Structures are given as structure tokens and as C-alpha cells.
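The values are calculated or read from the model by the stated rules, or taken from the named source; none is laboratory data. Worth saying up front: this structure is predicted, and the values here are computed from it rather than measured. Please note: Cβ atoms are built from the backbone with ideal geometry, for glycine as well, and neighbour counts cover all protein chains shown. Just the protein is used for accessible areas: all its heavy atoms, side chains included, with ligands, DNA and RNA removed. Shrake-Rupley method; radii C 1.70, N 1.55, O 1.52, S 1.80 Å.
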Amino acid sequence: MELLERQNSLDELNHLTTDVSAGEGKTVLISGEAGIGKTSLIKHFTDNLNSDTEILWSGCDDLFTPRPLGPLYDIAYQIKSDLIKMLENEEKRVSIFSIFLNYLQSTSNIKIIVIEDIHWADESTLDLIKFLSRRINRTKSILILSYRDEEIDHGNLLRSMLGELPHSGIKRIRLYPLSEDAVNLLMRRAGIENERLYERTGGNPFYVSELLVYKNDDLPSSIKEAIIASTSNLDKETIDLLEIVSVIPTKVEIELLRKLFNKVEENLDHCLKKAILVADKNLVSFRHELARLAILNSIPEMKRIQLHQKVLNCLLENENQQALLARVVHHASQARDINSIIKYAPLAAAQASKLGAHNQSAKHYFTALQFSDQLSVEAQLSLYEGRSYECFITGQVDEAIKTAEAIIHILKKYPAPEREGEIYRRLSRILWYDCQDEKGEEYLNKAIDIFEKLPPGRKLAMAYSNKSQTYSIREDTENAISWGHKALELAQKLNDFEIIAHALINIGCSKMLTEDKSGESELLKSLEMSLRNNFYEQAMRAYVNLGSIHLQQRNLQIADQYFSMGLEYSNEKDIYVFSLCMIGHYAKVKLHLGNWDESIELADSVLKKESVPPGNKVMPLFIIAIIRARRNDPGSIKLLDESFDLALKMGEVEKIVAVGSARAESFWLRNKMDTIVDDLVLMYQKVKNSNNPWAIGEVAFWLWISGHLTEIPDKIAKPFLLHIKGKWKEAAAEWKKLDCPYEEALALADGNEESKRKALNILESLGAVATINLIKQQMRESGIKKIPKGPRKSTKRNPAGLTGRQMEVLKLLTRGFSNSEIASNLFISPKTVDHHISAILSKLNLHSRTDAASFAQSNGLFKK
């Protein structure tokens, strides 16, 4: 079918080849609903390229559990390189990715890499896409990625990944349904009159083309019924072939079909001629995924089971089963073949974990555990241990706890002290992420009691280091260092470098928080040791702690560097649980720097993800809440209370101080400081013995604001000390030096009239409406005249000093876009859109979206 209403999209793709030929590679994201014509557009583009252009076509498959790096396998068979050998040998992902990148850079001809249907991509493939997108500009290549919009919900990994791709070098093409005029034109060309065709199809090109091909006025609007109707005149053998192809969600090798079905060529030719199936070299698939699903859903359940078993038997005859493990498990699960599931699911889980597809690994372990009753106790424990670890790494804390507790239940019946101690130790850390610090400590103490009755070994050393870690988090410096050295001494005797690295982080953190410079050296030593020996978790802990301590001490640029390096490392190694923690801290860097819109988007990117551990929600909740409070947006108190409750249950001083101080500020902004004094006093008692001058200073400052600081603490960070002593000018200078504009404004607000006006300027640039209102109130009470009535940044083109992002949101809102449509266009979450709309309404003193749209139109804000 001719591509109608797609010329602009084709032009955009064709223009990219000019940039690419000059060595400036690009990434193209093509999105739209199922059947919208994404593949047709890409094929039309590639069919008209120069003959020397190399086209590498691949796709993601809707497997029960996706095959890790499936698209890269497709590509590997199309090129001459060591790529397929490396994949089959399960070599390190970073090496595999680098080899492919080297191939793209190896010749001067333009290369087009197509990966279709990335909404079905496994984690490893998403990592491949991130890897290529960040480096494609070094090649003469265009990376084309297609996906369905409707397949991406708020918790989807793909949505998160799309938001993390580099903005430069990316072209986004969104395909929309055909207009009624286009559908009418197609009907006229086909010689069909059907007044309801556009209404039935909604302009979906696939639906339209199917109905036009079969020219049956009685066909219902459902695509399933349309496809089933289109196959009703096929002979039984041809339908049998379609059914066997439909149970295989990947493209099907013709060689496999020959084993599954007699007279393949004859019946396959019939399907190809009828355009139900399409062939690509030695692979066969349905012309459209919706057609496959229509056929699949029409097969009776017992027959489907038999067909899956038939496919499974053929796959198991293949000599290279390693490359087929995900497919084997998929068909075994659908066939309910228990023996095959038990045998191959653990192998698939281990393979997926090795390739960094931890979500897939956890699913494979889960599949195996459903049928593990006939296994030995040892085998069952191994499956539970594997799943517990994979769930922890992917942030599925509830499942990790549930699985660990299942291990404890088994061990009560079949005692194994060393194993029991180890699961208690591991569970203690998982419980901390679930904000159950006290229960976690109970389990850790149990583990130590068990290990101390056994010959001293690695597990005891690790338990000692975990004890040090617990005290380090609570900023109990003396105990943290004491237990850390106890772990270090045993680990050194055992020559166990991973535990040495773990203990050094705890000791280094405890020292660094008290501004002991030797602490950072020990953290850096641990980081270097961890990177050298591929201790992934310890490397991430080092990055997180180096960044977060520099963040506490307002060394924001250094913190930014550590978080950037850590996030890159986390993405490479797919250590999800640590990346969530790091993004929350990274958002706090942006908060202090005054980049509040970016801070909100980072925080919200964590909260919208699936399976976020409660402990990783603390920082994002607090950040969104305090910005809401400062901007006079609704809902801040509820979020702060939720965040503070979680922080207390975690027992982490850093989070308790951050959220507790934010709560104090929010009450101050509402002139209700008296109601928070008791909480501040209790928090001050908790931190004043920590020897952390920044934690002490932050709490002492708000206690001073409330009028209840009885004496200046001995150890307090310089900017807070200066402010409390009334040296507002010097305090403001310190905050300016540290790139903290909001804190600078608070210091200036305590000065003379001129400095108060400077404070207002800074706060207006941040959109801190509530803080501005409070300072103006204080100015009036002090007798200052001529107080500015409105935001100084207000102009006819930008009323109330809306931020750039808020203006973008208002523009789309004015065009009638819903929150989800605005989110899709700006590649942010609907929740973030909601934050921006609340801020817009507050700044413009309006009450509804309709009011905002009317205001923008009546003031001509977006006239060309």
C-alpha cells in the first residue's frame, strides 16, 4: 500500500543521511500504535537508499521471557565478524558491544541499524541501545528504533531508558493515524464504498489495508475477526502451518519449520502470496504481529499446548542449545513441560544474569521454582538463593525478602548453620532497603552469633563489615570504625579483597563525614580495588558514598562527577538497585544548584519505575515535596511526612537530616514553626554526637530559625555558623561560592533592604513563590516601603516568570493536550506534568487547566 501522509517523516529520514555521510551518526526513534506503519516507513526509506548502504535489520520478540540480546543475534548473522562467536561464548557485554561498535566504524559506507519493537526488548538489549546511542555520533550510521506507544506504561523500563538517552543526536518521529481524507482516497482507489471504514479503523493503516485487501463489507472492525475471516478459505494444511508459526513469537527459521511441518514450501508459498506471512532471507513471520495474535488466540487451548510441545521438542534437538535457552523455556512453560522447565530454566536464569538481564533471570528462576517440588533440597535452595539475589539487584525488594524467608523456612526443617547465617546476613541488608533497619539488625546479630561459633572465615568477616556498615549509616563513627577494622583484620588474613574493599568503604565513609581527609583516600582505594577486580556492588557502593558525602558537604561539582561515573557504571553492569539510589542523590545535586525542574524530573523518574524499594523513595519524595513547598504548590506536607517516616525506619542520618530539615522549612514557610520544634529538638539530639558538621549545622540552623537553639554547637559547617552568628553577608558569600542559590538567598534575606531585594531576585529566578511571599511579609513588618508586587521576571511573553519547561507545558496544554500527551511529547512522566501544571496555576493565580489555556490565548502568549 502506498505510504500516504508520511512524506514529512520520509524527508526527515532522508535529510539525516546527509549528516551521517559527514560522520555524524544519529539515532531515530519511530513511535506509534500497533499497525500504524512503522515498519513500512522504515522499509520505504531503506529501499530507496544507495546500493552501497549497508542495512542491518533486527527486532525484539514477544517471548514469554525475552532472549537476552536477541536483536544483536539477528545482526550478528548478517555481518562478518566475531560477534556471533562472542555471543555464543557469553563473553562480557561491554566487549560484545565494543566489537559491534568497532564494526560500525570499520568502513566508510553508511550503515543503517534497525531494531524493531523495542517495547519488547530485554534489559540487555536496552543497554545495547543506550551504549550505541551515546556513541553513534562517532560513526557513519543511523540507529533506527521503533516501538509502540501503547505498550509503554509509567513503570516501563523502556520509558525510563528513552528519557535517559542523550538529547543531542536523536530524532523523534511519531506516526499518527491516517486522516479521513486519506482513508477515502484509498477506498476510491480500491473501488470500495464503505462509509464506516474510517470510523471502524480509526485511520490505522494496517486495519484499513486489511479491510481493503479482503473487500468484505461484512467484516467487523476487530482486527482479530478480520484476520480470522481472511484465512477462512485456506485449506487445512495452510491453516495448520499458520497455527504452528503463530505459537512462535520470534521470526521462525525455515529450517525449523521443515522439522515441524510437512510440505512447508508449498503451503508457505501460498501464505506469502496471500501476504499473510512474509519471508526475510531464511526467516518467516506474520506480516503484522496483530495477525499472529489473532491466529494464536483462535487455537483451542489443548491444541496450543501440543503445538508448543512440538516446537520445544525440535528446539531440544538443536546442538547449540545455549543460544536457544530463552526460547526453550518459553515453549516449555507454554507446553507445561515440567521436566524441561526444571532442567532449562535455571540455565537460562544463569545465562541472563551473566549477560546483565537480571529481570529476565529473576523470571526464569521464578518459572523453575513453580515446579521445584521434585528437586532435592540443595537444588531448591540454589534456586531460591538465585532468585533472591536477582530480585534484590533489580529492586524487587518484597520478592527478595519473600524468597529469602522461604530459604529460612526450609533450613528450619533441614538445618545448615553456615547457610542459615549467610541468608540472615543477606536478608539484613535487603530489609534495610525496605526501611526495616531494626529487624535487619536483629538478623545480622543472629548471623554473627552463628558464624562466631564456626571456624572464622569469609562469611564472618562479611558479617562484621555489614555491622560496620550499619553503624556508618547511623553515623556512629566510633563503632563503625571499630567493627570495620575487625572485618578488615580477618579479611586480610583470608586475603579476601572484596571484603577488604567493603570494609574500607565503611571506615572511609565514617571518617569522611567528620571531615577526616584520610577517609576519602580509603574510599578511593576501595573503588580502585573494586574496579580492578570487578567487584560490581562494592564499586557502586564506593561511587554512591563518595558522591553523597561530597553532596552533604556541598562539593556539588565533585558529587556530580562521582554520580555521573557511577550511573554510567551502573548502566553498564545493570545494577538497578544502586542506580535508583544514585539518581535520587543526583536529583539533590540539581536541587542545590537551583535546577529545580531537572531535579523534579530526576526524582520523578525514580518514583515512576517498577519495583522501587521504599528506601530508594526517600530522597525523590523529599525533593519533590520541598520544591512544591517553596513554589507554593499543593501536596508537599503529605509527601514530606511519608518520606520522613521511611527515613526514620531506615535509620540513615543523612536522609533523616535532609527530610527533617525540609519539614522544618515547609512549616517555616507557612508561619507554623512552633508546631515542629519538638521534632527538631529530637533530631538535633540524634545528630549532635555524629561529629558530622554539615548534618549538625543543617538541623541547628532550623532550630535557630525557630528560636530554640540554646547554644552554638562546637562542630558546625561554616555557612551555617556564619548565618547563625548574624554574619549574613559572609554566609551568603559562602553559599554563592558553593553554587547554592537558594541558601544564598535565605542568607541575603536576613540582611539590609538592598540584600533582601537581591534575595527576591534569586528566588524569583527559582520560582520560589512561597519563600518570596514570606520574605515580603517580613519586609512589610520591618517597615520597608516599595516592596515589589509581582515577580520581576514577569513579561508579556512569560507571565509570573514561568520556567522554560513550564512554558513548554503551558503551550501544549493550550493546544488541548492531555497530561499523558504532554508527557509523551516532552519525554517526561505524567506525574511530572502534573507538578508543572500545579506550579503554573499557582504562579498565574488560576484554578483550572481551562483557565490556564484561556489566559494563554487571551494574552497571545504563543502566537507566531
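Here are a few things to note about the model shown:
- Residue that is nearest to the chain's Cα centre (by Cα), among those in segment 280-309 that are free of Cβ contacts under 8 Å to residues at least 24 places away in the same chain and outside any helix (DSSP H, G or I): 287
- Look at segment 823-845: where a residue is at pLDDT below 75 and in a helix (DSSP H, G or I) and a partner is open to solvent by 10 Å² or more (accessible area, probe 1.4 Å) and among the small types (Gly, Ala, Ser), sitting 6+ places away or on another chain with Cβ atoms under 7 Å, you get 830/820; 843/800.
- Unique residue being without any contact (Cβ under 8 Å) to a residue 60 or more places away in the chain, more than 19 Å from residue 507 (Cα to Cα), open to solvent by 30 Å² or more (accessible area, probe 1.4 Å) and of a type in the set (S, T, N, Q) when the list is 557, 561: 561
- Residue count, segment 531-554 (criterion: crowded, with 21+ Cβ neighbours inside 10 Å and over 24 Å from residue 693 (Cα atoms)): 4
- Qualifying residue in segment 614-636 (condition: open to solvent by 20 Å² or more (accessible area, probe 1.4 Å), under 18 Å from residue 439 (Cβ atoms), assigned to a helix (DSSP H, G or I) and not small (Gly, Ala, Ser)): yes
- When segment 363-413 is filtered for residues that are over 27 Å from the mean Cα position of the chain (by Cα) and among the hydroxyl-bearing types (Ser, Thr, Tyr), the ones remaining, listed by number, are 372, 376, 382.
- On the stretch given as segment 408-423, residues that are over 24 Å from residue 343 (Cα atoms), touching a helix residue (DSSP H, G or I) at 6+ places or on another chain (Cβ under 7 Å) and either open to solvent by 60 Å² or more (accessible area, probe 1.4 Å) or not in a helix (DSSP H, G or I) (or both) total 2.
- All of 648, 640 fail the test of being assigned to a helix (DSSP H, G or I), out of contact with any strand residue (DSSP E or B) (no Cβ under 6 Å at 6 or more places or on another chain) and without any contact (Cβ under 8 Å) to a residue 12 or more places away in the chain, apart from 648.
- Filter result for residue 24 (open to solvent by 10 Å² or more (accessible area, probe 1.4 Å), touching a Gly at 6+ places or on another chain (Cβ under 9 Å) and either assigned to a loop (DSSP other than H, G, I, E, B) or under 24 Å from residue 572 (Cβ atoms) (or both)): yes
- Evaluating residue 671 against the criteria (1) in a helix (DSSP H, G or I); (2) on the phi > 0 side of the Ramachandran plot leaves one unmet condition, (1).
- Residue in segment 268-285 that is most open to solvent (accessible area, probe 1.4 Å), counting only those that are under 14 Å from residue 59 (Cα atoms) and not small (Gly, Ala, Ser): 280
- Search result, residues across segment 763-788 that are open to solvent by 10 Å² or more (accessible area, probe 1.4 Å), without any contact (Cβ under 8 Å) to a residue 60 or more places away in the chain and either among the aliphatic types (A, V, I, L, M) or at positive phi (or both): 772, 783, 784, 786, 787
- Residue ID - surrounded by the most Cβ atoms within 10 Å (Cβ to Cβ), chosen from residues in segment 102-136 that are of a type in the set (Gly, Ala, Ser) and assigned to a helix (DSSP H, G or I): 124
- Residue 117 falls short on exactly one of the conditions (1) on the phi > 0 side of the Ramachandran plot; (2) modelled with pLDDT under 90, and that condition is (2).
- Filtered by the rule that a residue be over 21 Å from the mean Cα position of the chain (by Cα) and of a type in the set (S, T, N, Q), segment 35-73 gives 39, 40, 46, 48, 50, 51, 53, 58.
- Scanning segment 431-460 for residues that are assigned to a helix (DSSP H, G or I), open to solvent by less than 30 Å² (accessible area, probe 1.4 Å) and touching a residue at least 40 places away in the same chain (Cβ under 8 Å) gives 432, 433, 437.
- Within segment 1-21, the set of residues being open to solvent by 40 Å² or more (accessible area, probe 1.4 Å), closer than 21 Å to residue 137 by Cα and touching a residue at least 24 places away in the same chain (Cβ under 8 Å) comprises 12, 14, 21.
- If you filter segment 79-101 down to residues that are open to solvent by 60 Å² or more (accessible area, probe 1.4 Å) and not in a helix (DSSP H, G or I), you find that the one that is nearest to residue 166 (Cα to Cα) is 92.
- Only a single item in (1) over 20 Å from residue 344 (Cβ atoms); (2) open to solvent by less than 50 Å² (accessible area, probe 1.4 Å); (3) of a type in the set (Asp, Glu) is not met by residue 405, and it is number (2).
- On the stretch given as segment 251-267, residues that are under 22 Å from residue 74 (Cα atoms) and either open to solvent by less than 20 Å² (accessible area, probe 1.4 Å) or in a helix (DSSP H, G or I) (or both) total 8.
- Number of the condition not met by residue 665 [criteria: (1) of a type in the set (D, E, K, R); (2) open to solvent by less than 30 Å² (accessible area, probe 1.4 Å); (3) within 22 Å of residue 433 (Cα to Cα); (4) modelled with pLDDT of 95 or more]: (3)
- Residues satisfying the stated conditions in segment 481-530, i.e. assigned to a helix (DSSP H, G or I), open to solvent by 70 Å² or more (accessible area, probe 1.4 Å) and farther than 30 Å from residue 687 by Cα: 492, 493, 494, 497, 528
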